[in-house]
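**Q** The structure's right below; bear with me while I get my questions together.
The values are calculated or read from the model by the stated rules, or taken from the named source; none is laboratory data. Just so you know, these numbers come straight off a predicted model, no measurement behind them. Neighbour counts are summed over all protein chains in view; Cβ atoms, including those assigned to glycine, are modelled from backbone coordinates with ideal geometry.
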Amino acid sequence: MLNLVDLWPPWPTQCSRRLLMPLPVDLSSSSRLDAAAVRSGKLTNVPSDHMAIAEYSHGEWRKGRIQAYRPIPMPPFALGLHYAQIVFEGMKAYRRTDGSIGVFRTERHHDRFNRSLRRMCMPEVPYELFADAIHGLVAVDHGWVPDGPDSALYLRPFMIASEERMGLKVADEYLFIVIAGPFRPLFSRPLRIKVEREYVRAAPGGTGYAKCAGNYAAAMYPTKLAQQDGYDQILWTDALTHSTVEESGATNVMFVIDGTVVTPPLTDTILDGVTRASALEIASTLGIPTVERSVTVDELRDGIRSGSITEAFGVGTAASVAPIGSIGIDGVDFELPNVPNGVAQQLKKAFADIRFGNEDPYGWMHTISERSVKETV
Ligand SMILES: *Cc1c(COP(=O)(O)O)cnc(C)c1O
């Protein structure tokens, strides 16, 4: 018999039974959740109890499920492990001040996921599967969402080619998985970044606009070199001339130049950040002028020297808005002033209001609450 139960707020994580939310749920038989430690932010950067998983084969997606977080079966000859047909997303669920939980911009992350997948010859994920997996996982693991103001449950949807096959080919079998864990931003002080003049993250015609695994492996060595020189991250420049600024680490970059927010325009070498797009929209609402145009390294150097550039910051899901305090250009560090209540702070506050508050003027939050689930025996 089908039986309707209310998933929210108390959720019995200690019993194992099958539930039908949008996706069937196989609850973990044990929980690692220390609710107080998670809520207070003491338990961070660990996987939550559950994961969502769905398989693709013979040209179609099979209905996914939510199950205990555990290792995934992966043949050593799985194509994804060798040829990097691997694409991911990074999203967050926030605990709002009214106790409900909100997921930020699921639709937009889904759009980008599919854009990345197309570039890697991987099958697209229907919105329904993407959203059910993410929202269902957050509902089941709601106890893992920490309290604000900076904390969140980090969500990592990803897809990997799982077909076992010798030789290079486009895989016919994939796993789509969503995992999660409580997260606090890494950087609390202004970043020190180094303008990269030698190595390349993304070239025209390449994969820079896709959130595909290979891009990050390729960035590790130059980033390590920069970190050995005392920088936190690299500020990438264009592959051909190394003279215009692109982005930094896993964040897009913005500069305040003569009071205008300036950010490089989207090309196939720049990741289309959800935070970037949102920040541009918020800035406009706040009456701050914005422009998407190229910024050269020379303009950066001259602008910091002359004082026309007052702020630089990274924008991304991980850190929301991360002020940049220093930019290293050809061995010389250019320091940016600390601007109290500057654009970066205003944007950060506006993001926090949307994510943690109860007002959502843009309709960006997907609320996870009061869900009814169908329980099967
Ligand atoms: C994920 C990512 C960003 C930021 O994108 P958001 O959607 O804002 O998190 C920027 N650059 C790169 C290279 C990224 O991987």
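**Q** Sort out which residues of the range 279-303 are under 19 Å from Val315 (Cβ atoms) and among the acidic types (Asp, Glu), and write them in order of number.
**A** Glu281, Glu292
**Q** Here's something else I'd like to know. Restricting to the range 357-374, name every residue that is at pLDDT 95 or above, outside any strand (DSSP E or B) and in contact with a strand residue (DSSP E or B) (Cβ under 7 Å, 6 or more places away or on another chain).
**A** Hit for the range 357-374 is Trp364, nothing else.
**Q** Could you please find all residues in the range 224-234 being among the hydrophobic types (A, V, I, L, M, F, W, C) and closer than 17 Å to Arg189 by Cα?
**A** Residue satisfying the conditions is Ile234 alone.
**Q** In the set Gly303, Gly287, which member is modelled with pLDDT of 95 or more, more than 16 Å from the ligand (Cβ to nearest atom), over 29 Å from Ala218 (Cβ atoms) and surrounded by 14 or more Cβ atoms within 10 Å (Cβ to Cβ)?
**A** Gly303
**Q** If I ask for residues that are touching a Gly at 6+ places or on another chain (Cβ under 7 Å) and surrounded by fewer than 20 Cβ atoms within 10 Å (Cβ to Cβ), which ones from the range 160-188 would you list?
**A** Once the filter is applied, which keeps residues that are touching a Gly at 6+ places or on another chain (Cβ under 7 Å) and surrounded by fewer than 20 Cβ atoms within 10 Å (Cβ to Cβ), the range 160-188 yields only Arg184.
**Q** Can you tell me which residue is nearest to Asp238 (Cα to Cα) among those in the range 179-208 that are without any contact (Cβ under 8 Å) to a residue 60 or more places away in the chain and out of contact with any Ser or Thr (no Cβ under 8 Å at 6 or more places or on another chain)?
**A** Val200
**Q** Name the residue that is farthest from the ligand (Cβ to nearest atom), counting only residues in the range 236-248 that are touching a residue at least 40 places away in the same chain (Cβ under 8 Å) and over 24 Å from the mean Cα position of the chain (by Cα).
**A** In this case the residue turns out to be Ser243.
**Q** Considering each residue of the range 249-279, count those that are surrounded by 21 or more Cβ atoms within 10 Å (Cβ to Cβ), on the phi < 0 side of the Ramachandran plot and within 13 Å of the ligand (Cβ to nearest atom), and give that number.
**A** Looking only at that region, the number is 15.
**Q** Kindly establish whether Gly325 is farther than 23 Å from Asn114 by Cα and part of a strand (DSSP E or B). Working first, answer last.
**A** Values: farther than 23 Å from Asn114 by Cα: yes; part of a strand (DSSP E or B): yes.
Spelling it out, Gly325 is indeed farther than 23 Å from Asn114 by Cα and part of a strand (DSSP E or B).
**Q** On the basis of being within 16 Å of the ligand (Cβ to nearest atom), within 21 Å of Asp333 (Cα to Cα) and not charged (D, E, K, R), does Leu191 make the cut?
**A** So Leu191 fits the description; yes.
**Q** Of all residues in the range 100-122 being surrounded by 21 or more Cβ atoms within 10 Å (Cβ to Cβ) and more than 14 Å from the ligand (Cβ to nearest atom), which is nearest to Asp49 (Cα to Cα)?
**A** Ile101
**Q** Related question: In the range 140-246, which strands (runs of 3 or more DSSP E) lie fully inside it and hold 2 or more residues that are over 30 Å from Ile354 (Cβ atoms)?
**A** Where strands (runs of 3 or more DSSP E) fall fully within the range 140-246 and carry at least 2 residues being over 30 Å from Ile354 (Cβ atoms), they are 152-161, 174-183, 191-195.
**Q** Cβ-Cβ below 7 Å, separation at least six or inter-chain, first residue in the range 104-123 and under 17 Å from Ser162 (Cα atoms), second assigned to a strand (DSSP E or B) and within 14 Å of the ligand (Cβ to nearest atom): which pairs?
**A** Cβ pairs passing all conditions: Leu117/Val87; Met120/Val87; Met120/Cys212; Met122/Val87.
**Q** Tell me, yes or no, whether the range 298-316 has at least one residue that is over 19 Å from Leu235 (Cβ atoms) and not in a helix (DSSP H, G or I).
**A** yes
**Q** Continuing with the same structure: Could you list, in sequence order, the residues of the range 214-235 that are surrounded by fewer than 20 Cβ atoms within 10 Å (Cβ to Cβ), within 14 Å of the ligand (Cβ to nearest atom) and among the hydrophobic types (A, V, I, L, M, F, W, C)?
**A** Within the range 214-235, Ala217, Ala218, Met220 qualify.
**Q** List pairs: first in the range 291-313 and free of Cβ contacts under 8 Å to residues at least 40 places away in the same chain, second in a helix (DSSP H, G or I), Cβ under 9 Å, 6+ apart or cross-chain?
**A** From residues that are free of Cβ contacts under 8 Å to residues at least 40 places away in the same chain, the pairs are Glu292/Leu280.
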